[in-house]
Amino acid sequence: FGGRTYVDALPKYLNSPESDVFHKGRVLYGLHETGKYIRSQDRAVIVEGYMDTVALYRAGVTNVAAILGTAFTADHAKLLKRYTLNVVMLLDGDAAGIQAAERSLPILMQEGIFAKGCVLPEGLDPDEFIEKHGVEKLKQMIDAAPDLFNVMLGRWLEGYRGSASEKVQIVGLAAPTLLKMKNAQLRDLYLLELARQLDVDQPWVRRTLAGLQAEQEKLKPIQAKSVGGTTATEVHPAPSLEQATAVAIESQIELTRVSLKGAPRDEVFVLSMALSKEYLLQAVISGLDLAHVTHDGVRQIMTLAIEKYRQNPSIFDSLGASLAS
C-alpha cells in the first residue's frame, strides 16, 4: 500500500513496511499491468513514483513503471531485462532526480541495458508537464531522448573551464559507468565522446581510467582473518592520506555489528530521514543531542554517520550504503 500525507511533511509518500513479500528495491510499480506494453513496444519508461505511472498510463503512455521512492537497484535492472533492453529514465529535472539518474547509470550499464534520459523542463513532474504541454509533446521528448550517459556528461561539464584538474575530475565522475559497462562497442563510443568534450585523446582517457581502477583495487579487501573471534579484513595501504582516512572509517564500520532490534519507531524514523536527505542530516547535526537518543544501535549508527560526513561531506550519496555494509 502507498499513501500521500495530508500535511506538508516529509516524506510526502509513505509505503507499506518492508516484509517477506515486499521489498521496494525489487518492485517496479505498475509492471503487472504495463509489462505487456513494454514488451510489445520494446521500451520501458521509468518514473519516480506511482502517481507518475498512473498519470502517464491514463494519458496513453502505457509502457511505464515506477520505482517506489527508492534508489534504482540491480534487482530493478534484472527485472527490466525480462521485458526489454531499452529504457528511458524520465526525470523531473530537480537535483534529486539528477542525482538518482547518476546513481542508476552504472547499474543499467552493468546489466547491458541501453539507457536514455529525458529531463522534464521547469521542474515539472510528468502529470504537470502533460497538463501544460500535452501528452504528444511528452511522447516526442521520450522518442528523442539522448543517451543517459550524454545527459550526465552534460551535467558534469557545467561550468567546465578546461583545466587539467577538471579533466581528471570529470573522468572520475564517468569512471563508475565506463568501468562497469558490458557493451564494449558502446563503451568505446562513450570514451570517444568524453575525449572529444574534454579536448584530449582517447589513450589519455583510457590511461586515466586504468589509474583510477588500480587505485580502487589497492583499497579492496585481500584476506579475511579472525582477530579475537571477530572477522577483520586486511587492506592494502592507501595511495593517499585522504583514502587512508576513508579506509580507516570503513574498517571501523565493518568491525561493528549494530542491531536496531527494539529501537523506538520515532528514533528509527529520524535516522532513516537523516540518511535520505543531506539537509536533514545537517539539521540533525546542528539540532539533535545524541545523548537524548535512547537506543544504543540508533545512537551508534548516527554517530558513525555524523563522523564520516564531517570528514568528507561530498560522500553523502554513498553514506547509507557505506554504513549498511
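The values are calculated or read from the model by the stated rules, or taken from the named source; none is laboratory data. A quick note: this is a predicted structure, and the numbers were derived from the prediction, not measured. Virtual Cβ from ideal backbone geometry, glycine too; neighbours counted across all protein chains shown. Note: areas computed on protein heavy atoms with side chains; ligands, DNA, RNA excluded. Shrake-Rupley method; radii C 1.70, N 1.55, O 1.52, S 1.80 Å.
Just need a number here: residues in segment 62-74 that are part of a helix (DSSP H, G or I) and closer than 19 Å to ARG39 by Cβ.
Of the residues in segment 62-74, 0 are part of a helix (DSSP H, G or I) and closer than 19 Å to ARG39 by Cβ.
For the condition in contact with a Phe, Trp or Tyr (Cβ under 6 Å, 6 or more places away or on another chain), basic (Lys, Arg) and in contact (Cβ under 8 Å) with a residue 12 or more places away in the chain, what is the one hit in ARG43, ARG39?
ARG39
Among the residues of segment 77-100, write down those that are buried (at least 23 other Cβ atoms within 10 Å of the Cβ) and in contact with a Lys or Arg (Cβ under 9 Å, 6 or more places away or on another chain).
Result: TYR83, VAL87, MET89.
So PRO11 clears everything in (1) touching a residue at least 24 places away in the same chain (Cβ under 8 Å); (2) surrounded by fewer than 19 Cβ atoms within 10 Å (Cβ to Cβ); (3) farther than 17 Å from ASN86 by Cβ; (4) touching a strand residue (DSSP E or B) at 6+ places or on another chain (Cβ under 8 Å) except one condition, right? Which one?
(4)
Answer yes or no: is there a residue in segment 32-48 that is surrounded by fewer than 19 Cβ atoms within 10 Å (Cβ to Cβ), within 21 Å of the chain's Cα centre (by Cα) and among the hydrophobic types (A, V, I, L, M, F, W, C).
Checking segment 32-48: not a single residue is surrounded by fewer than 19 Cβ atoms within 10 Å (Cβ to Cβ), within 21 Å of the chain's Cα centre (by Cα) and among the hydrophobic types (A, V, I, L, M, F, W, C).
So in segment 1-54, with the set limited to residues that are in a helix (DSSP H, G or I) and hydrophobic (A, V, I, L, M, F, W, C), which one is nearest to ILE142 (Cα to Cα)?
Restricting to residues being in a helix (DSSP H, G or I) and hydrophobic (A, V, I, L, M, F, W, C), the top hit is ILE38.
Looking only at segment 198-212, how many residues end up being open to solvent by 70 Å² or more (accessible area, probe 1.4 Å) and closer than 18 Å to PHE149 by Cβ?
1
Scan segment 131-143 for residues that are open to solvent by less than 50 Å² (accessible area, probe 1.4 Å) and in contact (Cβ under 8 Å) with a residue 24 or more places away in the chain and jot them down.
Passing the criteria: VAL135, LEU138, ILE142.
Within segment 108-115, is there a residue that is open to solvent by 30 Å² or more (accessible area, probe 1.4 Å), touching a strand residue (DSSP E or B) at 6+ places or on another chain (Cβ under 6 Å) and either part of a helix (DSSP H, G or I) or more than 26 Å from TYR13 (Cα to Cα) (or both)?
Yes, segment 108-115 has at least one match.
Scan segment 287-300 and tell me whether some residue there is within 23 Å of ALA95 (Cα to Cα), of a type in the set (A, V, I, L, M, F, W, C) and in a helix (DSSP H, G or I).
Within segment 287-300, not a single residue is within 23 Å of ALA95 (Cα to Cα), of a type in the set (A, V, I, L, M, F, W, C) and in a helix (DSSP H, G or I).
Within the set of pairs 6+ apart or on separate chains, which have a first residue in segment 144-171 that is more than 16 Å from ASN86 (Cβ to Cβ) and open to solvent by less than 60 Å² (accessible area, probe 1.4 Å), a second that is of a type in the set (A, V, I, L, M, F, W, C) and outside any helix (DSSP H, G or I), and C-beta atoms under 8 Å apart?
LYS167/VAL200; ILE170/LEU157
Across segment 287-325, which residue is most open to solvent (accessible area, probe 1.4 Å) among those that are in contact (Cβ under 8 Å) with a residue 60 or more places away in the chain and of a type in the set (S, T, N, Q)?
Checking each candidate, the answer is GLN311.
Would you mind finding the one in TYR57, TYR50 that is farther than 23 Å from MET109 by Cβ, of a type outside the set (Val, Ile, Thr) and modelled with pLDDT of 95 or more?
So the residue among TYR57, TYR50 that is farther than 23 Å from MET109 by Cβ, of a type outside the set (Val, Ile, Thr) and modelled with pLDDT of 95 or more is TYR57.
Name the one entry in LEU281, LEU304 that is closer than 25 Å to GLY172 by Cβ, modelled with pLDDT of 80 or more, in contact with a helix residue (DSSP H, G or I) (Cβ under 9 Å, 6 or more places away or on another chain) and in a helix (DSSP H, G or I).
Among LEU281, LEU304, only LEU281 is closer than 25 Å to GLY172 by Cβ, modelled with pLDDT of 80 or more, in contact with a helix residue (DSSP H, G or I) (Cβ under 9 Å, 6 or more places away or on another chain) and in a helix (DSSP H, G or I).
Just name the residue that is most open to solvent (accessible area, probe 1.4 Å) out of those in segment 255-278 that are of a type in the set (D, E, K, R) and outside any helix (DSSP H, G or I).
Once the filter is applied, the top-ranked residue is ARG257.
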